Amino acid sequence: MGETSSPPEGANIEGESPQIEPTIETDEATITDDSELERTLGLTGGLAIGIGTMIGAGIFVFPGLAADQAGPAASASFAIGAVVALLVALPASELATAMPKSGGGYYFISRGLGTLAGAVVGLSLWFGLVFATAFYLVGFGYYAVDTLAELGIAVGEGLVIPIALLFGAGFTVLNVTGTENAAKLQNGIVALLLSILVVFLTYGGLDAAGIVGESSTPEQFAPDGVFPIFTTAALVFTSYLGFAQVATVAGEMKDPGRNLPLSMVGSVLVVGVLYVLTIFVATSGLGSDTLGDLGETAMVEVGRHYLGPVGAVAIVFGGLLATMSSANASVLSTSRSIYAVSRDALLPQRASRINLRYGTPHVALGMAGGPILVLTATGRVELLAEVASFLHLVMYGLICVALIALRRDEPEWYDPDFRVPGYPIVPALGAICSFALIAFMQPASRYVGAGIMLLTVVWYVYYARDIELKGAL
Amino acid sequence: MTRILVPLAILEGESVSAGLVDLLEPMDVTVLGYHVLPEQTPPDQARLQYEERATDALEDLAAEFGAEAGTADYRLVFTHDRKQTVDRVADVTDAGVYAIPGATGPVERLLVALTGDVAVDRIVSFVGELVGDRDIAVTLFLATDDASGGRELLETATTPLVDQAIDVRTELAVDEPPLEALVDAAVDHDAIVMGERAPSLRTLVFGEEAERVAAESVGPVLVVRRGEDDETTAAEEPTSLEES
């Protein structure tokens, strides 16, 4: 019953057609008619992208906000997030091994479900990443102010947004002009962060379990009942967005059949465990009310509680690095997702032009950096996080739907190296959970998210309704 | 016939000198046009923009090396990692030698370095193949601590070349820093042939020896790759170093 892959058809309103050429994929390179594209990212690189993008938010920004809403049960919220992320990471891995191309979720959905779904997801992902990056930057601003405070320079929270804006602009400019290999630096940062966390969690965990240090009275696990656990899960889901960023570099990953599933599922498992433990240790140490009052940088006080000034400095330093690496990794993913959409002529193709002087995609980076700065200026941490999650969750749900659609009537070209275990239950649950989590968000976030999706539909109808991408590999 | 890979940063205007083209003329040549991209740029994105321009340039270059006679072809690769690309394409095309193109006029005298843990037999037989019956003189160079052993090695290496009626000279540097001695010896030579060394801590810190020789000596360097038999030593290296 299979259909062969069909060439893309149609053109956008400017007369541009999708630029797709037949390719042969090997473990080491993608071979087109006239040239080869080297695959240079190994498993370590993939894990560093996944973990590096995710760890900043979950550990260093959310504990205070989450404990405020759900009490010690915030651990459960993070666990729910991990389960949902895992249910999506498995289907996403299957699709990524079947279509190891840059573009990630957008690519799977446009090929599996057609152009309209693809356009909505592709353009929404652009905005989703922009919201996520703005959120990381605001988190970074809070840590920068705290760093100054630890150094004895009290500047107050008024400087959070200006600092975040300054660094946001800085990252964009660096990404346009910088040609140094920052990937190795990213690997180092992730390794350093993981070591800081393991030391902190080991000591804090022993203390919380009453083995060392003074004993504390446990508080009620879920002081406000079960409902806040789910709303908090919806809020903190932003901490799990990074695994799909691994799929945006699928075209550059060596041995994609092995490394893509391992880095996506592996990074979700690693950060999920770390999140749950961190929240447990944090709420045991200070109590959720105190944590809630401390807000975005509550973890600094948790560090001080367990390990004294050294702990506070380690967490402040870790928080700076982690939010910075999240923001930077997201700027890169944003530019890649803009490229994927414009290659298929859903955006003007000049958006993927490369700058002759630096060899970097300056138009796409600008289209990422500009909106990021505008959103950072709002400084609304929870709204930014939830809208980012909303737009990603829609994509995650549709990834699962695309998998089921492709599996029900497998086209000839569909030959994944990794097949999701527990089909069809896992992808079906993944889709249901992704959409259900949206229902627990604040109304404001849902309106903004839905508004953005509506705009993308309008754009599709105006600009690119004649383009046919389904099955166009 | 040994195939020689000539990697060129094609979009940065890197090209080959007439002297190198003449030197490699009797051999099979694969011109590897590569373009290294910063990690912000997906290779596919660069391909869309640059493929045509790069292919035009490569076609001309391959023609110089004798594409029409069927002894030369070309490949174009967009990559984040130059070394990985050169190694992969050399494996795929079964190239035993790669070239670091430098500037040189007509090649009249070749310097052949046999220093260190390299496959002397393969280097010497490649030189024999390269020189053929052309009027190119050869200097065999060895830097070592063991004067008598070194003299013996040079003598054994000389024999097959002399049998082929090649004008061979030897140069032995005892107890001198090998790299400096090689660069000094290169002064009155037009090109260098050397063997690829097993990756070590030194190469990790200072870069490939051949690259440093090429930078110091200006002229082209032909590097005889380590073969399958030499891989046993490499297998002990931790593979994680290769991941970036």
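Shape of the range B:109-234 from its Cα gyration tensor (a ≥ b ≥ c, root eigenvalues): rounded if a/c is under 1.5, otherwise prolate when a/b > b/c, or oblate?
rounded
Percent of Cα-Cα pairs more than 21 Å apart in the range A:1-115, please.
58
With Rg and the Kirkwood Rh both taken from Cα atoms, where does Rg over Rh land for the range A:332-473?
Ratio value, two decimals: 1.00.
Karplus couplings for the range B:171-179 from phi (6.51 cos²θ - 1.76 cosθ + 1.60, θ = phi - 60°), rounded to Hz, Gly and Pro as x?
9, 10, 10, 9, 6, 10, x, x, 5
If you put +1 on each Lys and Arg Cβ and -1 on each Asp and Glu Cβ, how big is the dipole of the protein assembly as shown around its Cα centre, in Debye rounded to 20?
Dipole size: approximately 3620 debye.
Which residues' amide hydrogens lie under 5 Å from the amide hydrogen of B:LEU5, considering only partners 5 or more residues apart or on another chain, with H built in the peptide plane?
Under 5 Å from the amide H of B:LEU5 lie the amide H atoms of B:THR30, B:VAL97, B:TYR98, B:ALA99, each far enough along the sequence or on another chain.
Not counting the cut sites, what is the longest span of chain A without GluC sites (Glu not before Pro) that DSSP labels loop and that have at most 14 other Cβ atoms within 10 Å?
A:220-411
Have a look at A:PRO91, A:VAL310, A:VAL176 and report the one farthest towards the positive end of the charge dipole of chain A, computed about the Cα centre with Cβ charges (Lys/Arg +1, Asp/Glu -1).
Sorting the options by dipole projection puts first A:VAL176.
How many partner chain Cβ atoms sit within 10 Å of a residue's Cβ in peptide B:79-89, on average, as a whole number?
Across B:79-89, the average partner-chain Cβ count within 10 Å equals 4.
About the Cα centre, and with charges only on the beta carbon of Lys, Arg (+1) and Asp, Glu (-1), how big is the dipole of chain B? Nearest 20 debye, please.
Computed charge dipole of chain B: roughly 240 debye.
Taking N as the number of residues in the protein assembly as shown, what is its Cα Rg relative to 2.2 N^0.38 Å?
Normalised Rg, Cα atoms only: 1.09.
Per residue of B:51-63, count partner chain C-beta atoms within 10 Å of its C-beta, then hand back the mean as an integer.
Average per residue, whole number: 1.
May I ask you to evaluate 6.51 cos²θ - 1.76 cosθ + 1.60, the Karplus curve with θ = phi - 60°, for each residue of the range B:88-98 and list the ³J(HN,Hα) values in order in whole Hz, giving x for glycine and proline?
Working through the residues one at a time gives 5, 5, 4, 5, 5, 8, 6, 7, x, 9, 10 Hz.
Divide the volume of the convex hull of the Cα atoms of the range A:42-463 by its number of residues and quote the answer in cubic angstrom per residue.
Cα-based convex hull of the range A:42-463, divided per residue, equals 131 Å³.
Cross-link candidates for A:LYS254: which lysines have Cα within less than 17 Å, leaving aside residues fewer than 8 places away along the same chain?
Hits, sequence-local ones excluded: A:LYS101, A:LYS184, B:LYS83.
Taking θ as phi - 60°, what are the ³J(HN,Hα) couplings along the range A:284-291 by the Karplus curve (6.51, -1.76, 1.60), each to the nearest whole Hz, with x for Gly and Pro?
5, x, 10, x, 6, 5, 4, 4
What share of the DSSP beta bridges in the protein assembly as shown is antiparallel, in percent to the nearest 5?
Within the protein assembly as shown, antiparallel bridges account for around 20 percent of the total.
Check B:VAL77: other-chain or 5+ apart residues with amide H under 5 Å from its amide H, H built from backbone geometry?
Under 5 Å from the amide H of B:VAL77: A:GLU36, B:GLY33, B:TYR34, B:HIS35.
For a quick protection proxy, order the peptides B:196-204, A:370-378 by their average other-Cβ count within 10 Å, most packed first.
With the highest mean Cβ count within 10 Å placed first, the list reads A:370-378, B:196-204.
Quantify how strongly other chains surround peptide A:38-48 by giving the mean number of their Cβ atoms within 10 Å of each of its Cβ atoms.
That average works out to 5.
How large is log10 I(q)/I(0) at q = 0.11, 0.29 Å⁻¹ when the Debye formula is applied to the Cα atoms of the range B:1-67, each weighted equally and without solvent?
Values returned for q = 0.11, 0.29 Å⁻¹ are -0.29, -1.34.
Kindly rank A:331-342, A:72-83, B:207-218 from highest to lowest mean number of other beta carbons found within 10 Å of each residue.
Descending mean neighbour count gives A:331-342, A:72-83, B:207-218.
Between the helical axis of A:74-98 and the dominant principal axis of chain A, each derived from Cα atoms, what acute angle in degrees is found, rounded to the nearest 10?
20
For B:THR170, enumerate residues with amide H under 5 Å from its amide H, sequence gap 5+ or separate chain, H modeled in the peptide plane.
Those qualifying (amide H under 5 Å, at least 5 residues apart or on another chain) are B:LEU140.
Grab the DSSP H runs of the protein assembly as shown that are 4 residues or longer, score each as -39,500 (n - 2.57), total them, divide by all residues and round the 222 nm result to the nearest 500 deg cm²/dmol.
Per the formula, -19500 deg cm²/dmol.
Every number here is computed from the coordinates shown, using simple stated rules; none is lab data. Here the structure is a predicted model, which means the values were calculated and not measured. No Cβ is skipped: glycine too gets one built from the backbone with ideal geometry, and neighbour counts run over all protein chains shown.
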